[in-house]
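First comes the structure, then the notes that go with it.
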There are 2 protein chains.
Amino acid sequence: MSDSDAARRQARQAAERAKAASRGLARTTDAQRKAALFAMAAALRSQSARIVGANELDVAEARSAGTAESLIDRLFLDEGRVESMARAIEEVARLADPLGEVLERRVLPNGIELSRVRCPLGAVAVIYEARPNVTADAAAICLRSGNAAVLRGGSIAARTNALIASVLSDAATSSGMPAGCIEYVGAGGHEAAEELMRARGVIDVLVPRGSRRLIDACVENSTVPVIETGTGNCHVYLHRSADARKAADIAVNSKCRRFGVCNAAETLLVDDEAAEALLPAVLADLRKRGVTLHVDERAGLIAERAGIATVRASEADWECEYLAPDIAVRVVSGIGEALEHIERYGTRHSESIVCEDPNAADEFTASVDAAAVYVNASTGFTDGGEFGLRAEIGISTQKLHVRGPFALEGLTTYKYVLRGDGQVRA
Amino acid sequence: MSDSDAARRQARQAAERAKAASRGLARTTDAQRKAALFAMAAALRSQSARIVGANELDVAEARSAGTAESLIDRLFLDEGRVESMARAIEEVARLADPLGEVLERRVLPNGIELSRVRCPLGAVAVIYEARPNVTADAAAICLRSGNAAVLRGGSIAARTNALIASVLSDAATSSGMPAGCIEYVGAGGHEAAEELMRARGVIDVLVPRGSRRLIDACVENSTVPVIETGTGNCHVYLHRSADARKAADIAVNSKCRRFGVCNAAETLLVDDEAAEALLPAVLADLRKRGVTLHVDERAGLIAERAGIATVRASEADWECEYLAPDIAVRVVSGIGEALEHIERYGTRHSESIVCEDPNAADEFTASVDAAAVYVNASTGFTDGGEFGLRAEIGISTQKLHVRGPFALEGLTTYKYVLRGDGQVRA
């Protein structure tokens, strides 16, 4: 058997063990799952030194392979970070049970009692990249929602992830969860991940967490349903009725709060009529924060007259999710052109209009097709915590099942339960 | 340009026109969409003779190609059937608007007002087979829910479908709906359908309506989200505590109400302990209705002693969705083995237990992973109408987004609308 066949087989077997475990998990009680999560947190603490040791080896190997320090930082664990992982699991344990909720109940004319009941999805695969805390986080979220987890982390964190998963799995099964409830797929290159993507009927949903490339690969290659998360080419649009102070605050905050996040603004659109009045201050603020301004011709002229350095934007800038101190700037003829630009280049994540005209606000919120549509607020608020959701899993940029920030309920489905007394259909 | 390139291009253009129309549709009012639907129904009536004429050509061609009469019957239209299509559109028009509902609203601690609002998905592609009434039905359902429709019917009904779609599209646009709101993709073989399946970012969801082969092809090849519908390998399980009368009624009704439907039972499972007592009557009833009994060894012996003709089942029978007067019969050791069988061979559609023991009922409903789980009732009830849903689109056998029978709401999503007063995030 070739290495890649072996990797596929290992991934398939992990998925099947998880699927088998999911049947038992669906029948666990809230108290049982809660207890298992506390046991998992305790096990992480007690195995902290071993985990840090395994992580040292991963870090050393990554360093000697010339890995960038920013990536090393994401990979790195110390006892404090392990403690944070344990605490995060306990927080998930304390969340309300998402299962068993009766979404509707009624008696049909024929006397059958129909209930629609929330239940787990089954086996959830999570494919992710450098951060080992995702291993603990994903395992906890899946288990809390009654799902078995099939975890596939980046090879850079191979030892760390495998050990964390094994510690968590042992703790969970020791406290009564079915064997297979937390499976880690360590071996193999892309073949192992591909096998998970094609395990239709075994894996119930795949949640990629990471770069756009990873997410695109999952969507392109999966036959199992994927929850697309987290890529954001977000816009701030300054309507001609915009208040100058709000315009500057919101543009700067949306861009600069953190550069590497999916809810950061990547393009600033401004109405022609108000560009002369609004742009100089906004662009100067952005420059002060070290942001490179990729401008169209009109914005370039305004910046030049104000003595602000810019570079000329090309088509690629409108499409680009910089995740960096760069912003594209374009002058539009009005809300119609702004909406067209957002429709064409946006990724359905977060879009904001700055305006005092209520009609413009209504047109924008009705027309923009995105998970979160803002009026006079920063795109930076698109976040589970900010929205009042606990234990965010990701921010869905798709429209089916869940949209925007989603948490435990996003890993549940429902079934109809119908109780009769011998009814047959005419 | 080759024919297949031309077909791809035509499909792509239709999808893009629909996508463009979807932006306008999202801003239409309930009254506008309602009026368009009544205009569409009226147009079908006024063009009834032309539609019947086009259909005669399709029928003649199908007949001369040696098409089976059962398929011809699905294809065939007369003025009565066109009138039924018009009435069905009017019924959809009268349904409550699924859009605009505010699913939640709250003020965040920072003063931003958050609303979660129901809105259309956008451009919905429907790929279907012989029945031309699906053209009208799908167009009406999409428009009612504010979506643009991209329709792709079977080539056997090419003239009929193209004319119906054009009549409906003209009527809709004449009453103010945006051009492109109903697109029909007539040309091309599988290339055109494939293009729709791969139009990620243009088509928002694909709903295949037809055979398992069609649905599997869509799931395997699509990068756009698919709502899987309608294949059912459903089971009736007779628990040892089953009432003999209910057992026979439910088994016979689940199998024989209609043979060709997805909610028909295809396998009968019976507890070993009760097989001698229950099976002879049930199998005799099924034989009386002309059902061929594909039995395992144990059931075969019981049938033989009762003088009932059977054939021996193989692995293929457990997997088979007969959609015909055939049923597989297997004796199991108890509820555990029954659950394993259903987990292995079921298609997550409808499963029924016949039992008087409430613990068995609870175990079955908690454990079975299916859209509809029955206790003491026929699987034949899995149907939008029976469940109290109006305008069923299909029965989803997937777990994300919608599960079981679904109607207009299944073609909607939500967005978060956030109204602030200049808020930025720390």
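The values are calculated or read from the model by the stated rules, or taken from the named source; none is laboratory data. Just so you know, these numbers come straight off a predicted model, no measurement behind them. Heads up, the Cβs are rebuilt from the backbone with ideal geometry, glycines too, and the neighbour counts pull from every protein chain shown. Surface accessibility is based on the protein's heavy atoms, side chains included, excluding ligands, DNA and RNA. Shrake-Rupley method; radii C 1.70, N 1.55, O 1.52, S 1.80 Å.
Of the candidates B:D243, B:D216, the single residue that is among the acidic types (D, E), within 14 Å of chain A (Cβ to nearest Cβ) and more than 21 Å from B:S396 (Cβ to Cβ) is B:D243. Inside region B:229-251, residues that are among the small types (G, A, S), closer than 15 Å to B:E276 by Cα and open to solvent by less than 10 Å² (accessible area, probe 1.4 Å) make up a count of 2.
Scan region A:398-426 for residues that are within 11 Å of chain B (Cβ to nearest Cβ), open to solvent by 10 Å² or more (accessible area, probe 1.4 Å), within 27 Å of B:E409 (Cα to Cα) and not in a strand (DSSP E or B) and the total you get is 6. Residues satisfying the criterion are present in region B:378-385 (criterion: open to solvent by 20 Å² or more (accessible area, probe 1.4 Å) and either modelled with pLDDT of 95 or more or in contact with a strand residue (DSSP E or B) (Cβ under 7 Å, 6 or more places away or on another chain) (or both)).
Against the conditions (1) farther than 22 Å from A:V332 by Cα; (2) surrounded by fewer than 21 Cβ atoms within 10 Å (Cβ to Cβ), A:C218 satisfies every one except (2). Those helices (runs of 4 or more DSSP H) of region A:1-103 in which 2 or more residues are crowded, with 20+ Cβ neighbours inside 10 Å occupy A:3-25, A:30-46, A:48-64, A:79-94. Only strands (runs of 3 or more DSSP E) whose full extent lies in region A:225-332 are considered here, and the ones with at least 1 residues that are under 19 Å from B:A426 (Cα atoms) are A:234-238, A:265-271. Residues in region A:215-224 that are among the hydrophobic types (A, V, I, L, M, F, W, C) and either under 14 Å from A:A125 (Cα atoms) or more than 18 Å from the chain's Cα centre (by Cα) (or both): A:I215, A:C218, A:V219, A:V224. For region A:257-277, the candidate set comprises residues that are hydrophobic (A, V, I, L, M, F, W, C) and open to solvent by 20 Å² or more (accessible area, probe 1.4 Å); within that set, the residue that is nearest to the other protein chains (Cβ to nearest Cβ) is A:V261.
Restricting attention to region B:161-179, the residues that are in contact (Cβ under 8 Å) with a residue 60 or more places away in the chain, within 19 Å of B:Q10 (Cβ to Cβ) and hydroxyl-bearing (S, T, Y) add up to 0.
Note on region A:352-397: residues that are more than 7 Å from chain B (Cβ to nearest Cβ), under 26 Å from A:P208 (Cα atoms) and in a helix (DSSP H, G or I) total 1. Across region A:182-215, the qualifying residues are those that are open to solvent by 20 Å² or more (accessible area, probe 1.4 Å), more than 21 Å from B:C218 (Cβ to Cβ) and in contact with a Ser or Thr (Cβ under 6 Å, 6 or more places away or on another chain), and the one among them that is modelled with the highest pLDDT is A:E191.
Here is a yes/no grid of residues against (1) within 13 Å of chain B (Cβ to nearest Cβ); (2) open to solvent by less than 10 Å² (accessible area, probe 1.4 Å); (3) assigned to a helix (DSSP H, G or I):
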{"residue": "A:P109", "(1), (2), (3)": "yes, no, no"}
{"residue": "A:R116", "(1), (2), (3)": "yes, no, no"}
{"residue": "A:V124", "(1), (2), (3)": "yes, yes, no"}
{"residue": "A:V134", "(1), (2), (3)": "no, no, yes"}
{"residue": "A:A139", "(1), (2), (3)": "no, yes, yes"}
{"residue": "A:L151", "(1), (2), (3)": "no, yes, no"}
{"residue": "A:A158", "(1), (2), (3)": "no, no, yes"}
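Looking across B:L75, B:L57, one residue alone is under 24 Å from the mean Cα position of the chain (by Cα) and of a type in the set (A, V, I, L, M, F, W, C). It is B:L75. Among the residues examined, A:C234 does not qualify as at pLDDT below 95, closer than 17 Å to A:D326 by Cα and touching a His at 6+ places or on another chain (Cβ under 7 Å).
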